[in-house]
1. Name the single residue that is farthest from the ligand (Cβ to nearest atom) among those in the range 43-72 being part of a loop (DSSP other than H, G, I, E, B), under 11 Å from Ala92 (Cα atoms) and out of contact with any Ser or Thr (no Cβ under 8 Å at 6 or more places or on another chain).
2. Where in the range 73-190 are the strands (runs of 3 or more DSSP E), entirely inside, with at least 2 residues that are of a type in the set (A, V, I, L, M, F, W, C) and either within 10 Å of the ligand (Cβ to nearest atom) or within 26 Å of Ile9 (Cα to Cα) (or both)?
3. I'm trying to understand the selection: among the residues of the range 251-286, which are in a loop (DSSP other than H, G, I, E, B), touching an Asp or Glu at 6+ places or on another chain (Cβ under 9 Å), under 27 Å from Gln322 (Cα atoms) and not aliphatic (A, V, I, L, M)?
4. Can you name the residue in the range 191-227 that is in contact with a helix residue (DSSP H, G or I) (Cβ under 8 Å, 6 or more places away or on another chain) and part of a strand (DSSP E or B) and, of all such residues, is nearest to the ligand (Cβ to nearest atom)?
5. Every residue in the range 1-13 that is among the aliphatic types (A, V, I, L, M) and surrounded by 13 or more Cβ atoms within 10 Å (Cβ to Cβ), please.
6. Give me the residue from the range 17-42 that is surrounded by fewer than 19 Cβ atoms within 10 Å (Cβ to Cβ) and of a type in the set (D, E, K, R) and, out of that set, farthest from the ligand (Cβ to nearest atom).
7. For the range 21-42, which residues satisfy the criterion of being assigned to a loop (DSSP other than H, G, I, E, B) and in contact (Cβ under 8 Å) with a residue 60 or more places away in the chain?
8. Could you look through the range 298-320, keep only residues that are among the polar types (S, T, N, Q) and closer than 20 Å to His341 by Cα, and pick out the one that is surrounded by the most Cβ atoms within 10 Å (Cβ to Cβ)?
Amino acid sequence: MIPVAKPFIAEEEVEEVIKVLRSGFIAQGPQVADFEEKFANYVGTKHAVAVSSGTTALHLSLLLAGVASGDEVITTPFSFAATGNCALYVGARPVFSDIDPKTYNLNPEKIDDAITERTKAILPVHLYGQPAEMDRINEIAREHELLVIEDAAQAHGAMYNNKMAGSLGDMACFSFYPTKNMTTSEGGMITTDNSEMADLARILRAHGEKERYEHVVLGYNFRMTDIAAAIGRVQLKRLPELNQKRIENAKYLSEHIKNIYGISVPYVSPKVLHVYHQYTLRVADGRRDQLMEKLNQNGIGTGIHYPKPIYAQKLYQDLGYQNHCLEAERASSEVLSIPVHPLLTVEELEKIVITLKEASEQIF
Ligand SMILES: Cc1ncc(COP(=O)(O)O)c(C=O)c1O
């Protein structure tokens with residue numbers, strides 16, 4: 001089976017982890033501090049604060065933004081559940097606004113309709129590794145005095161108007177889950193230029209401790225370990241090369257797939273550098289599941305990102321959500337991610353293209 005995602009872990013990561021294990025210092029320590037400094041340099045923000053996952057990064061960022069009970073956060077329904085759940089963690093309400101059907105990202109033209117006097121923040125996701133339309137989103141946020149928090153969980157190294165994802169809003173959240181463009185096993189990062197928020201993030205991730213056993217606010221244990229950070233430091237060095245490979249694989253796929261009947265290749269906005277966390281096709285005429293089956297039968301792994309909008313999940317239905325975002329719903333039934341990861345061989349890429357051609361002839 002050609003898997004739809006495959007983490008690239010090499011000898012250097014293994015050696016660095018062994019060094020940390022042998023050092024006896026395995027909780028948050030010097031590796032985390034160094035990883036944070038290097039990550040902030042890479043993204044181009046003043047600060048980077050490492051945490052235990054992308055989810056805890058999102059949770060913490062909403063606490064930093066002062067979002068609390070009764071507040072609203074505008075976000076996309078077409079994302080992983082954590083994007084909505086983080087608002088629920090702080091007692092706020094995620095308000096789902098529809099997507100642009102070409103990029104699958106928040107449609108800025110729809111955001112105004114979702115703003116109320118309770119809105120505190122906009123949380124755009126850079127889905128599949130393609131940054132959202134940040135100029136318009138920042139403009140709307142400024143007009144209404146809202147904070148912008150990027151969910152950059154899928155966009156390490158992506159760019160918008162030559163600026164790095166993670167430096168495009170007030171704060172940004174990254175995930176280092178194993179399927180992401182770089183990993184620490186589990187892990188996350190908040191990036192920001194705001195020194196006060198970064199200081200508070202460091203306090204909140206460690207039980208609200210300002211000094212040892214001096215708890216000034218209610219905090220959490222959201223720390224990253226030095227074991228995870230040791231992997232992250234090596235992965236960050238590799239990231240440009242791994243992203244380049246994803247981009248080349250995507251280029252090959254798009255060139256060879258674009259004329260296959262019934263299948264649309266990803267649209268890329270001219271303003272962005274897309275880093276293809278996922279390479280996601282759109283399949284016409286309700287044939288997505290048939291195509292998926294054919295690919296799977298022929299040893300090609302696939303993914304559906306995502307099979308339903310967040311508000312359609314049972315959790316949200318039980319909370320009384322009655323949204324209907326038409327583009328998100330249409331995308332949920334038509335998208336199909338195929339392998340694009342950096343470990344794909346030329347033969348595997350060729351096999352994917354040939355199988356898609358044959359499958360299209362059979363099912364359309
Ligand atoms: C868009 C998005 N947001 C948030 C997360 C949560 O990150 P994590 O799995 O590291 O908690 C993920 C990925 O898993 C994601 O894809």
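1. At the first step, the residues of the range 43-72 found to be part of a loop (DSSP other than H, G, I, E, B) are 44-46, 52-53, 65-71.
From the residues that got through so far, the ones that are under 11 Å from Ala92 (Cα atoms) too are 66-71.
Those left that are additionally out of contact with any Ser or Thr (no Cβ under 8 Å at 6 or more places or on another chain): 66-70.
Working: Gly66: 21, Val67: 16, Ala68: 21, Ser69: 22, Gly70: 24 Å.
Only one residue fits best here, namely Gly70.
2. Values: elements: 93-96, 119-123, 147-151, 171-175.
Answer list for the range 73-190: 171-175.
3. Residue satisfying the conditions is Gly286 alone.
4. Checking each candidate, the answer is Thr191.
5. Taking the range 1-13 first, the residues among the aliphatic types (A, V, I, L, M) are 1-2, 4-5, 9-10.
Result: Ile2, Val4, Ala5, Ile9.
6. So the residue we want is Arg22.
7. Going residue by residue through the range 21-42, those that are assigned to a loop (DSSP other than H, G, I, E, B) are 24-29.
The answer is Phe25, Ile26, Ala27, Gln28, Gly29.
8. From the range 298-320, those among the polar types (S, T, N, Q) are 298, 302, 313, 317; that's our starting set.
Checking which are closer than 20 Å to His341 by Cα leaves us with 298, 302.
Working: Asn298: 16, Thr302: 20.
The qualifying residue surrounded by the most Cβ atoms within 10 Å (Cβ to Cβ) is Thr302.
The values are calculated or read from the model by the stated rules, or taken from the named source; none is laboratory data. The shown structure was predicted, so the numbers you read here are calculated from the model rather than taken from an experiment. Neighbour counts are summed over all protein chains in view; Cβ atoms, including those assigned to glycine, are modelled from backbone coordinates with ideal geometry.
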